[in-house]
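Here the structure comes first, spelled out in structure tokens, and everything after it is commentary.
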Amino acid sequence: MTMYVITHKAFDYPLPTGYTPILVGADKNANPNHYQPDNEGENISDKNPSYCELTGLYWLWKNANDEYIGLSHYRRYFSKYPTRGRMYLATIIKGKVAPVSLKKLDEVMQTTDWILSEPEQGGEGNVKQQFENFHNANDLAITRQVISEFSPKVLSAFDQVMQQSQISFYNMFYTSKSEMDAYCEWLFKILFEVEKRTDIANYDQYQQRLYGFLSERLLNVWIKYRQVSVTYLAEYQTDELDRSYAIDRFKQKLKS
């Protein structure tokens, strides 16, 4: 059982037992701490600028053998606190937030199929409108078309998720390897075809992360289609452990 921590650079804070860093974009990024690189074995490391943490996910799919397996972005971890309410924010101020232990994650997995980040609103409107407000609407339309051709049974779930106001972001999860494998087989089939039909050559560096952005939505589509049981955990960013930052966030939350 392993939680793989996606990173593109070295970091100097400790991780709990069972958390293993994986360096993405390893062809171009230095690896002084000898993290697991995403360019060994079967891999798509060269796609990292547009696939983001998915090059790490692809490596897990093709090369890892854990019974239970998870993915955390290097600045984001699941918290032991179940929601982002006032108690959660207060614990940030007191400096008590830490990644949930692998033992606890494994306990949760006895009664659920997936652990995902607590759903959030990604902007104004529904999920479709939120994406179109920040990215190229045509790319989402192309994604829907590819799903209708390659995976028509999933199309209804896609349309339902697009009408929601909240989804789980960050491509964070913990699940069984068999569940992850089924998801990856579907996800990369869709994304590789979307990649063939989209042109990101003139996008800025941020927008070129298109396939990473799409996958955040598609994880929710897959979960909706599969009708699996899900446990949601709050996520937190490592920079939230800075006291002044956390206090400002806490005050803003109290005013809302």
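Just name the residue that is nearest to Gln166 (Cα to Cα) out of those in region 105-132 that are of a type in the set (S, T, N, Q) and in a loop (DSSP other than H, G, I, E, B).
Out of the qualifying residues, it is Asn126.
Inside region 215-238, can you point out the residues that are assigned to a strand (DSSP E or B) and surrounded by fewer than 19 Cβ atoms within 10 Å (Cβ to Cβ)?
Val230, Thr231, Tyr232, Gln237
Please count how many residues of region 13-49 are closer than 18 Å to Ser72 by Cα and buried (at least 19 other Cβ atoms within 10 Å of the Cβ).
12
Scan region 11-26 residue by residue and report those that are without any contact (Cβ under 8 Å) to a residue 24 or more places away in the chain and over 23 Å from Asn65 (Cα atoms).
Asp12, Pro14
Ser148 - would you say it is polar (S, T, N, Q) and under 23 Å from Trp59 (Cα atoms)?
It is false that Ser148 is polar (S, T, N, Q) and under 23 Å from Trp59 (Cα atoms).
Suppose we filter region 130-166 for residues that are more than 22 Å from Gln208 (Cβ to Cβ) and open to solvent by 30 Å² or more (accessible area, probe 1.4 Å); how many remain?
13
Considering each of Tyr203, Tyr211, Tyr170, Tyr232 in turn, give the residue that is among the hydroxyl-bearing types (Ser, Thr, Tyr) and touching a His at 6+ places or on another chain (Cβ under 6 Å).
Tyr170
Of the residues that sit in region 110-126 and are out of contact with any Ser or Thr (no Cβ under 7 Å at 6 or more places or on another chain) and within 29 Å of Glu179 (Cα to Cα), which one is modelled with the lowest pLDDT?
Of everything passing the filter in region 110-126, Gly122 is modelled with the lowest pLDDT.
Please find, within region 27-66, the residue that is farthest from Phe169 (Cα to Cα) out of those that are in contact (Cβ under 8 Å) with a residue 24 or more places away in the chain and of a type in the set (Gly, Ala, Ser).
Here the residue is Ala64.
What's the total number of residues in region 187-214 that are surrounded by fewer than 21 Cβ atoms within 10 Å (Cβ to Cβ), more than 16 Å from the chain's Cα centre (by Cα) and part of a helix (DSSP H, G or I)?
Of the residues in that region, 8 qualify.
The values are calculated or read from the model by the stated rules, or taken from the named source; none is laboratory data. Just so you know, these numbers come straight off a predicted model, no measurement behind them. For neighbour counting, all protein chains shown are included, and Cβ atoms are generated from backbone atoms with ideal geometry for every residue, glycine included. Side chains are part of the model used for accessible areas, which takes the heavy atoms of the whole protein and leaves out ligands, DNA and RNA. Shrake-Rupley method; radii C 1.70, N 1.55, O 1.52, S 1.80 Å.
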